[in-house]
Amino acid sequence: AEVVVAYSPGRFPELSIFELPFLVRNNVEAGLAAWKLYEKGLLSDFDDLMLVGIIISGPYGVSATKPITSVSDLSGLRLRAAGPIQNEIVSRLGAVPVGNIPAPGIAPNISRGVIDGALMSASNVYTFRIADAAQHHNFDLKLGSVAVIFPMRRDTYEKLPAKAKAAFDKYSGEWLTRILGEGLDGQRDGAVKKLRSGGGHTIHKWDQATVAKARELLAPIVAKHDKANAKGVNLYREVLAAIKAARGAK
């Protein structure tokens, strides 16, 4: 099965940590970090499930109908957001979060003027036709990522023939997670290249000072998660360590 964690409220709660801003740089390191949390037994709701692979899709930037040259340009923009963390990110940047819009509905709602844009990863601006409706983009803002998991029931796995089990054992897990991440990162690079090639699109680059201002505005969101959870684990620190290890393993 393929499960978008953000669409399953109350399940797999620890994976929402990857929705925090400025946490990961790409899909490979994010996926490998999430896999490390799974291996360490830090993720809930997997008692009856085995994780075949995982995507941490992102990081999200902003695509809009208006230029995004500074933080102040975000003020008042109606941006599609999914879930509590994205809602707070949008609000703290001065924009207005708009929910209850599935990803395929983003472009039509931009075209109708219901929203001005959305938080979206570069890899998916063409997948969901957002590039058809929004001409201005900023990917210097690393506004979190969304977990997509590929679980399998453990009892189903146990019923598989030995050869099938061996195949799952060999190719699932870290190997598949890396392959999925590399695919999304390649898709991101291709989308950015296409946006830059013309078609009326502008990718707005921010200098370090402007990015730092955005970081400062969003710091309280991160601070709320930088503490031990009910199990006595500081998941944020665990993720930072796992990301560092993933970067070193490349």
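Computed quantities for the displayed model
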item: C-alpha center-to-center spacing [the stretch 213-250, the stretch 1-80] in angstrom; result: 13
item: Kirkwood Rh (inverse of mean 1/r, distinct Cα pairs), the stretch 142-250, angstrom; result: 18.5
item: Cβ-placed point charges (K, R +1; D, E -1), dipole of the stretch 141-244 about Cα centre in debye, nearest 20; result: 80
item: Spatially proximal aspartates and glutamates relative to Lys193 (Cα-Cα < 16 Å; intrachain offsets below 8 disregarded); result: Asp132, Asp140, Asp185
item: Dimensions (Å) - the chain, Cα atoms, principal axes, largest first; result: 56, 38, 35
item: Kirkwood-based shape ratio for the stretch 60-133, expressed as Rg/Rh from alpha carbons; result: 0.92
item: Qualifying lysines (Cα of each under 30 Å from Cα of Lys40; at least 8 residues distant if same chain); result: Lys142, Lys159, Lys163, Lys165, Lys170, Lys224, Lys227, Lys231, Lys244, Lys250
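Bear in mind that the values in this text are calculations on the coordinates, not laboratory data. The shown structure was predicted, so the numbers you read here are calculated from the model rather than taken from an experiment. Ideal geometry is used to build each Cβ from the backbone, glycine not excepted, and the neighbour counts take in all protein chains shown.
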